[in-house]
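Peer 1: Attaching a single structure in structure tokens format; questions to follow.
The values are calculated or read from the model by the stated rules, or taken from the named source; none is laboratory data. Everything numeric here is computed off the predicted structure, so don't read it as measured data. Counting neighbours? That spans all protein chains shown, and the Cβs are built from the backbone with ideal geometry, glycine included.
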Amino acid sequence: MALKLYRRHRKECEGSHAEDTRSGEFEEGRRGWKKCGCLIHASGSLHGAFKRKNTGRTDWREAKAIALEWEKTHSWDGEVAVPPIVPEPSSLPKRTTIERAAKTFLDELREHAAAATHKKYRLLLNRFKAFSEQRGYVMIDQWEPLDVREFRSSWKVSPGTAVRNMAMLKPFFEWCLNNEWVSRNPARLVKNPKGREVRRAEQKLPFTDEELKRIYEACKTYGRESRYVWNGDDLADFISLSIYTGLRISDVALFHIDRMLPTGEILIRTTKAGTHVYTWVPDWLQKRIQERSEKHGPFIFGTHKTETLEVITEGSGGGN
Ligand SMILES: [Zn+2]
């Protein structure tokens, strides 16, 4: 389409978009966009005459039909009688090729996205096209959630990059959905994998529920004799914190109250890139940690005279 379409927001905009600002179809397809009834305008040159003109429509499809009519007649003049398009539920979906979907998406993206962003999408969609070709897919509606999942596993990238790639694949399919090329967003149905570390902690959970019950039972009778510095409550807290965070024994032994955020999340590690990884613990455990820090100070299992980890882990009841 030679003419460019945009919605121009008026003062009374229902979506509270600033007066005289513009938005495009792509932008409005994003998640959380506030819809409004402001009119769609067309701008461009017809037969050498540049102009901006109100299509008088609020619906993108109707506005496109009007602009198309202006293009066909090569004229801005004259009223175009385009009947409002009523979607027919019985009509067959308009099928679109993967090639065309990717191309139109990128063309439109170029108009409002930074060059770097455009490049990232272009690279991702190139791989998307190559992957489609391998599978013999031609039409965009051939993509299923399973394909998205397998596409994701085919990326030899870090989990963080995979998450970012998925974050780009979702709006692409969302845009296809808005164009009615697909009946659902297959990328939205694919959940990102949990962090490796969390998964590892879950897999390594060393005790069954029954064993845990017995451990906690035993805590009740532990430390009754005065020769123990630790009592059963200390031990129970220590075990709970280990189980819920998956932290190493040495990390639990040296647990500092600053590891817990005011929201109750607990820092389990810091990545090489400096990103903090947190995990959630239940309210009662948050409360126990808080209480311990009030009673014992910031190191909730006490301060240590030695810096040697072996001694600390030995002292707190066993090796790793
Ligand atoms: Zn508006």
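Peer 1: Please verify whether the range 224-241 includes one or more residues that are surrounded by 12 or more Cβ atoms within 10 Å (Cβ to Cβ), free of Cβ contacts under 8 Å to residues at least 12 places away in the same chain and within 27 Å of Ser158 (Cβ to Cβ).
Peer 2: No - not one qualifying residue is present in the range 224-241.
Peer 1: What residue, among those in the range 2-20 that are part of a loop (DSSP other than H, G, I, E, B) and within 15 Å of Ser43 (Cβ to Cβ), is nearest to the ligand (Cβ to nearest atom)?
Peer 2: First, the residues of the range 2-20 that are part of a loop (DSSP other than H, G, I, E, B): 2-3, 9-20.
From what is left, the residues that are within 15 Å of Ser43 (Cβ to Cβ) are 2-3, 20.
Working: Ala2: 25, Leu3: 20, Asp20: 10 Å.
Here the answer is Asp20.
Peer 1: Looking for something over 27 Å from Ala273 (Cα atoms) and surrounded by fewer than 16 Cβ atoms within 10 Å (Cβ to Cβ) - is there at least one such residue anywhere in the range 167-181?
Peer 2: yes
Peer 1: A further question follows. Report whether or not Ala101 is surrounded by fewer than 12 Cβ atoms within 10 Å (Cβ to Cβ), small (Gly, Ala, Ser) and in a helix (DSSP H, G or I).
Peer 2: Values: surrounded by fewer than 12 Cβ atoms within 10 Å (Cβ to Cβ): no; small (Gly, Ala, Ser): yes; in a helix (DSSP H, G or I): yes.
Answer is no for this residue.
Peer 1: Further question on the same structure: Which ones in the range 272-304 are polar (S, T, N, Q) and over 16 Å from Asp258 (Cβ atoms)?
Peer 2: Thr275
Peer 1: Could I ask something else about it? Which residue pairs have Cβ atoms closer than 7 Å, lie 6 or more positions apart in sequence or on different chains, and pair a first residue in the range 103-132 that is in the same structural domain as Glu150 (by TED's automatic domain parsing) and over 15 Å from Met168 (Cβ atoms) with a second residue that is part of a helix (DSSP H, G or I) and modelled with pLDDT under 90?
Peer 2: Going by the 7 Å Cβ cut-off, the qualifying pairs are His112/Glu27.
Peer 1: Taking the condition of being part of a loop (DSSP other than H, G, I, E, B) and within 14 Å of the ligand (Cβ to nearest atom), how many residues in the range 33-70 meet it?
Peer 2: 9
Peer 1: For residues that are part of a strand (DSSP E or B) and under 20 Å from the mean Cα position of the chain (by Cα), scanning just the range 267-288, find the one that is surrounded by the fewest Cβ atoms within 10 Å (Cβ to Cβ).
Peer 2: Our first condition is that a residue be part of a strand (DSSP E or B); within the range 267-288, this holds for 267-270, 276-280.
Add one more test, that the residue is under 20 Å from the mean Cα position of the chain (by Cα), and what stays is 276-280.
Numbers: His276: 11, Val277: 15, Tyr278: 18, Thr279: 17, Trp280: 13.
Looking at residues that are part of a strand (DSSP E or B) and under 20 Å from the mean Cα position of the chain (by Cα), I get His276.
Peer 1: May I pose another question? Just name the residue that is modelled with the highest pLDDT out of those in the range 290-309 that are closer than 21 Å to Gly246 by Cβ and out of contact with any helix residue (DSSP H, G or I) (no Cβ under 7 Å at 6 or more places or on another chain). Full working, then the answer.
Peer 2: Keep residues of the range 290-309 that are closer than 21 Å to Gly246 by Cβ, which gives 290, 292-293, 299-301, 309.
Next, only the ones that are out of contact with any helix residue (DSSP H, G or I) (no Cβ under 7 Å at 6 or more places or on another chain) stay: 290, 299.
Working: Gln290: 92, Phe299: 89.
The selected residue is Gln290.
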